[in-house]
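Engineer: Handing you a structure now.
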Amino acid sequence: MALTVQSVAPGSPAQRLGLAPGCRLLAVDGNELFDALDYQYYTAAPRFALTVCQNGAQQTLTVEKAEYEPFGCDFKTYLADEKHSCDNHCMFCFIDQLPPGLREPLYFKDDDERLSFLYGNYITMTNLSEREVERIVKMHISPIFISVHTTNPALRVRMMANKRAADTLRYLDVFAQAGIEMNCQLVLCRGINDGDELRRTLDDLLALCPQVCSIAAVPAGVTNYRDKLYKLTPYDAASAAETLDILESYSRRCREQFGKSIVYPSDEWYLTAGRSVPPAEFYDTFDQLEDGVGMWRKYHDTFLEELARPRSLVIPRRLDVVTGTLAAPLITEMAQRARQKYPGVQVTVHAVENRFFGGNVSVAGLVTATDIIAQCKGKLQSRLLGVPEVMLQDEGDRFLDDVTLPQLEQALGCRVVVIPSDGAGCCRAYLGTRILKPRRTQPAPPTGKET
C-alpha cells in the first residue's frame with residue numbers, strides 16, 4: 001500500500017527533503033501507510049525513517065522535525081483513500097428508503113471507522129479487518145461511535161442481513177479491554193429488538209462500562225419508499241411509551257450506579273408518547289446530540305437563556321420560518337415567548353409535513369424545498385422566510401431534493417435567509433440582534449463532512 005502525494009506545503013519538512021507531487025509514501029519506520037490516519041500518526045514523531053518511491057526509485061529518508069510539526073504532504077482526498085462502504089442490508093436502513101432521483105452521494109452508505117473517529121459517524125464493525133481493529137487499539141482511536149442495535153448474535157444477523165454481524169460483536173470486548181471509549185446506538189424496530197431484547201442489549205452493553213460511555217436509542221425511520229423491503233410498523237403513542245419505560249428505568253439505574261444516565265432515549269420517544277422531555281441534567285454532557293438526543297431540551301433552554309439577556313434595542317420585524325412537524329410545537333412556543341417579551345417581533349411558524357419522504361419522517365433536517373413550496377405558497381405573512389440551516393446540505397446552498405435557495409425564493413416570491421438551528425442563535429436571529437445568514441449565490445467549498 002502507498003499514499004500518492006498531490007501537493008507539498010512550501011517550507012515544510014517534506015519540501016526540504018525534496019519530495020514533490022506524484023511521489024509515493026510507502027512506510028514510516030517500517031509501518032506501511034494505508035491512509036491519512038497512518039500518515040498523521042506515524043509522521044507526528046520528531047525523527048523517523050520514511051520509505052518513499054520517487055521518479056521510479058525507492059529510497060529511505062531520515063526525517064528530523066519538531067514533534068507534531070506537520071510533515072507537509074497533502075493527498076487527493078482528506079482520507080488519502082476512498083471511504084469504506086457498508087456491507088450490510090439492514091431492515092431499517094434509511095438510505096434504502098430514499099426516493100429515486102436524488103443526488104448520487106446521498107445513496108452512498110458509509111461504514112468507515114476513520115469517519116467514526118473524525119466526525120462521529122456510526123459504524124457497524126461488520127467490514128472491519130483485523131488490521132483495522134489492531135490499529136484502533138494500537139493508536140488508541142477513541143472515542144468511536146458504534147451501531148449495535150442488538151447484542152443477540154442471531155438477531156443481529158437477521159436485522160443486518162450480514163453473517164459477520166454476529167462475530168463482530170466480539171470487537172466490543174476488544175475495544176473495552178483496550179480502554180477505547182464507545183458511544184453506542186440502537187435503532188429500535190417495533191416488535192423486533194425492543195422489549196426483552198432491548199433489556200438484554202442494555203445489560204450486555206452496560207457490563208462494558210465505563211468504556212461504553214453512552215447508549216442512544218432511536219426509533220427506526222420509515223418512509224413511503226419501502227417497496228420490497230421488510231415491513232416495519234412505526235411506533236405509536238402506546239408502544240413508544242412502553243419502550244420509553246424500559247429506557248428510563250435503565251437510565252435511573254445508571255445514574256445510581258455510575259452517576260450519569262448513559263442510556264439516552266432520543267427526543268422522538270417523548271414526543272411520540274406525549275411525555276415531557278427531561279431536564280438538561282438528564283443528558284449530562286449531551287454526548288449523543290447529533291443523534292437527536294437532547295436537541296429539544298438544548299434548544300429550549302438556550303433560546304430562553306438568550307431571550308432573558310438585556311437588550312437596548314429590538315427593532316420590530318416580521319418573519320416567517322419553516323420547520324418539521326416534530327419540532328413545530330417547540331419552535332412555535334419559542335416564537336410566542338419572543339413576541340410576549342418584544343411585541344413588535346412577529347414570527348409565524350409553518351409546520352411542514354414531510355410528504356416527500358412520507359411515513360413517520362417528521363424531523364426538520366429532512367424537510368425539502370418541494371414540501372416547503374407546496375405547503376407555504378400564498379401563506380407567508382411576510383416577505384422574509386427563515387430556513388433552519390439543518391435543512392441544507394453541508395455546502396449550505398441546496399436542500400435534499402436539490403432545490404437551491406434562489407429557486408426557493410423565486411417559487412415563493414420572497415427573500416430567503418438561513419437561520420441557526422441552535423436555540424440561542426435562533427433567538428438572536430428572531431430579534432434581529434444577529435445578522436441573518438444571507439443565501440449563498442455560489443456553492444461553498446466542501447467541508448469533508450458526510451452528507
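The values are calculated or read from the model by the stated rules, or taken from the named source; none is laboratory data. Please read these numbers as outputs of a predicted model, since none were measured by experiment. Cβ placement follows ideal geometry from the backbone for every residue including glycine, while neighbour counts extend to all protein chains displayed. For accessibility, only protein heavy atoms count, side chains too; no ligands or nucleic acids. Shrake-Rupley method; radii C 1.70, N 1.55, O 1.52, S 1.80 Å.
Engineer: At a 1.4 Å probe radius, which order do D267, D227, D236 fall into by accessible area, largest first?
Structural biologist: Solvent-accessible surface, decreasing: D227, D236, D267.
Engineer: Can you give me the pair-distance distribution of the chain, C-alpha pairs, 20 Å bins, whole percents?
Structural biologist: 22, 49, 28, 2
Engineer: Return one number: the angle in degrees, 0 to 90 and rounded to the nearest 10, between the long axis of the Cα atoms of helix 295-307 and the longest principal axis of the Cα atoms of the chain.
Structural biologist: So the inclination is approximately 70 degrees.
Engineer: Please give the per residue accessible area of region 382-432, computed with a probe of 1.4 Å over protein heavy atoms only, in Å².
Structural biologist: Using a 1.4 Å probe on heavy atoms only, each residue of region 382-432 averages 32 Å².
Engineer: In what sequence, largest accessible area first, do W296, W269 appear using a 1.4 Å probe?
Structural biologist: Descending accessible area places them as W296, W269.
Engineer: Report, in debye and to the nearest 20, how large the dipole of the chain comes out about its Cα centre when Lys and Arg carry +1 and Asp and Glu carry -1 on their Cβ.
Structural biologist: 1580 debye
Engineer: Sorted by mean Cβ packing within 10 Å, highest first, what order do the peptides 33-43, 376-386 take?
Structural biologist: The peptides rank, most packed first, as 33-43, 376-386.
Engineer: So, in Å, what gap is there between the alpha-carbon centers of region 118-187 and region 297-372?
Structural biologist: 37 Å
Engineer: Then there is this: What does the convex hull of the Cα atoms come to per residue for region 201-350, in Å³?
Structural biologist: 144 Å³
Engineer: Taking only protein heavy atoms and a 1.4 Å probe, what accessible area per residue, in Å², does region 132-286 have with all protein chains in place?
Structural biologist: Dividing the accessible area of region 132-286 by its residue count gives 42 Å².
Engineer: Identify all lysines with a Cα-Cα distance to K341 below 21 Å; exclude those on the same chain that are fewer than 8 residues away in sequence.
Structural biologist: Of all the lysines, those that pass the test against K341 - Cα under 21 Å, at least 8 places apart if same chain - are K298.
Engineer: Now a separate question. When the accessible area of the chain is computed with all protein chains present and a 1.4 Å probe, what percentage of it is carbon and sulfur?
Structural biologist: 51 percent
Engineer: Given the whole protein assembly as supplied and a 1.4 Å probe, what does the accessible area of E32 come to in Å², nearest 10?
Structural biologist: Rounded to the nearest 10, that gives 100 Å².
Engineer: I've got another one for you. To test your reading of the geometry: what angle, between 0 and 90 degrees and rounded to tens, separates the Cα axis of helix 237-258 from the longest principal axis of the chain?
Structural biologist: Result, in degrees: 50.
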